[in-house]
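Before any comments, here is the structure.
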């Protein structure tokens, strides 16, 4: 036993160091590469090598990227933020209402609703028929159409999060409000919804990141220059900047910053949301 | 029906806003796709042509092979994320230094733009100038054309997908691992169990719910996956890394709306055929455990 003691005390340090070395190589180097490319000038960046820059051009590159194609990146940021905020607001309200009734009321409808919720997680959206529906409603190529699409695709995940959380809130609260003569919508919006703050924060953060990073759905449902979103600028710049890697990577850097900030502040809520269901199954 | 239906504090109309959006923009197109997949269609007029779209899908070699590649892609990404996620999670719940920072590092790629990651790795995988091959060369290894070699391109994209997604599998497994009571490990240690036996007989069965979540999630997203393939290879070189989702986009771009929708129905059937039996099997296993 005593012989095993010394190596055991060192183990946490040795294993930690080795893991860190491996993680630096696999996970940190790509991000460092983005940064290094973004601070170089055109000639140095086009070598694509992993070297420290001779001179710093980050600000120059940022200005150049922002000015490209008549400030299209600013328009893209504006569109992406409008879509994200709009969709997440509706998601929180709609999904919490469904999760509340699903969790509180026992009825034959619940099985049917749950089947639809799970179908939403599983079934890939039928793209062209969706465009056909959007056109019929004159929502194709519009920002509000895009918002409603993101709501439709995000509902299932949010409903499941809310349903699980509401199950842990005592029913006596709604019953007390009911006895006081409150109407159902008053009970929900004034009494229950404020209690759902932790899961609402998780919902907001996880869905915002997903919608902000979404590329496929704007590609299909939101074509047109004036409708560009941040992920699509990257895609468009990929061909335009094929010989200007410094600008391409400055753009990547600018797009990676918002999730990074959200991550710094809401790390715990993100992990909570994404691991929900892992324990109970 | 319960008696005082009108007075229920949990009224059905709470479902309505969600149901309207979900029904119009998700369910209706899904149901409509079953009809439109049987037509020649230009978004305005649809002509019924029976199963011709499916016949075409299953007779064109590059369309049929996309199904196989989708299965390979989904199977490999899901398998690798599950195995690596579990191993990393075991490592990151054990008492090592810098644990918090290591957890942060492995999870961050999950949150960044997929297209950004795709472009970054495409650059790093450049056959001659890319830093991966430059590094290999300095070790005396002749690096392959990661994305230019048709037999390798799909697997290179798989690696990047695993790089980006393994953090999610890891945090799901960590949540599962910390919920296992330490008593089991102590009892087994008294009985003289080895580390390996503890992992095999205690950890693995008790993280089963996490395994179910990781496998199901990664399999569904792998089957539907499009963004990374599109950002890195656009299905190329040739059609060598085309999956069903990228084929659908290409047919849509070419204006073959009926064929693209048939591709959607194929993808939907593929997911249903794999996930439903898998879920059923997972559930029966859980009862035994």
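Points to keep in mind about this one:
- Tally of residues being within 14 Å of chain A (Cβ to nearest Cβ) and within 18 Å of residue B:91 (Cβ to Cβ) across the range B:162-193: 18
- Of all residues making up the range A:86-112, the number that are within 24 Å of residue A:217 (Cβ to Cβ) and free of Cβ contacts under 8 Å to residues at least 24 places away in the same chain: 2
- Matching residues in the range A:217-243 - criterion: being surrounded by fewer than 23 Cβ atoms within 10 Å (Cβ to Cβ) and outside any helix (DSSP H, G or I): A:222, A:223, A:224, A:241, A:242, A:243
- Exactly one residue among B:43, B:88 is within 11 Å of chain A (Cβ to nearest Cβ), surrounded by fewer than 19 Cβ atoms within 10 Å (Cβ to Cβ) and either farther than 30 Å from residue B:195 by Cβ or over 18 Å from the mean Cα position of the chain (by Cα) (or both), and that residue is B:43.
- Given (1) free of Cβ contacts under 8 Å to residues at least 12 places away in the same chain; (2) more than 21 Å from the chain's Cα centre (by Cα); (3) farther than 30 Å from residue B:96 by Cα, number of the condition residue A:10 does not satisfy: (3)
- Of all residues making up the range A:153-189, the number that are without any contact (Cβ under 8 Å) to a residue 12 or more places away in the chain and in a helix (DSSP H, G or I): 9
- Verdict on residue A:68 being surrounded by 14 or more Cβ atoms within 10 Å (Cβ to Cβ) and within 30 Å of residue B:134 (Cβ to Cβ): yes
- Search result, residues across the range A:122-145 that are surrounded by fewer than 14 Cβ atoms within 10 Å (Cβ to Cβ) and part of a helix (DSSP H, G or I): A:136, A:144
- Selection within the range A:155-193: residues that are at the interface with chain B (Cβ under 10 Å from one of its Cβ atoms) and under 30 Å from residue A:220 (Cβ atoms). The member of this set that is surrounded by the fewest Cβ atoms within 10 Å (Cβ to Cβ) is A:156.
So that you can scan it fast, the table gives a plain yes or no per residue for (1) more than 30 Å from residue A:184 (Cα to Cα); (2) assigned to a helix (DSSP H, G or I):
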position	(1), (2)
B:19	no, yes
B:25	no, yes
B:29	yes, yes
B:40	yes, no
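- Reported count of residues in the range B:123-147, each being within 12 Å of chain A (Cβ to nearest Cβ), in a loop (DSSP other than H, G, I, E, B) and surrounded by 14 or more Cβ atoms within 10 Å (Cβ to Cβ), is 4.
- Taking the range B:177-289 as the region of interest, the helices (runs of 4 or more DSSP H) fully inside it that hold 1 or more residues being loosely packed, with under 13 Cβ neighbours inside 10 Å and modelled with pLDDT under 90 are B:182-190, B:195-198, B:244-253, B:257-288.
- Residue within the range B:93-111 that is over 21 Å from residue B:234 (Cβ atoms) and more than 10 Å from every other protein chain (Cβ to nearest Cβ) present: yes
- Of everything in the range A:245-265 that is surrounded by 19 or more Cβ atoms within 10 Å (Cβ to Cβ) and away from chain B (no Cβ under 11 Å), the residue that is nearest to residue A:79 (Cα to Cα) is A:250.
- When residues in the range A:201-216 are screened for being assigned to a helix (DSSP H, G or I), closer than 18 Å to residue B:117 by Cα and either more than 8 Å from chain B (Cβ to nearest Cβ) or in contact with a strand residue (DSSP E or B) (Cβ under 7 Å, 6 or more places away or on another chain) (or both), 3 of them pass.
- Number of the exception - residue A:3 against (1) at pLDDT 85 or above; (2) more than 9 Å from chain B (Cβ to nearest Cβ): (1)
- Residue B:168 being assigned to a helix (DSSP H, G or I) and without any contact (Cβ under 8 Å) to a residue 24 or more places away in the chain: no
The values are calculated or read from the model by the stated rules, or taken from the named source; none is laboratory data. If you're wondering where the values come from, they're calculated on a predicted model, not measured in any experiment. Every residue, glycine among them, receives a Cβ derived from its backbone with ideal geometry; neighbour counts consider all protein chains shown.
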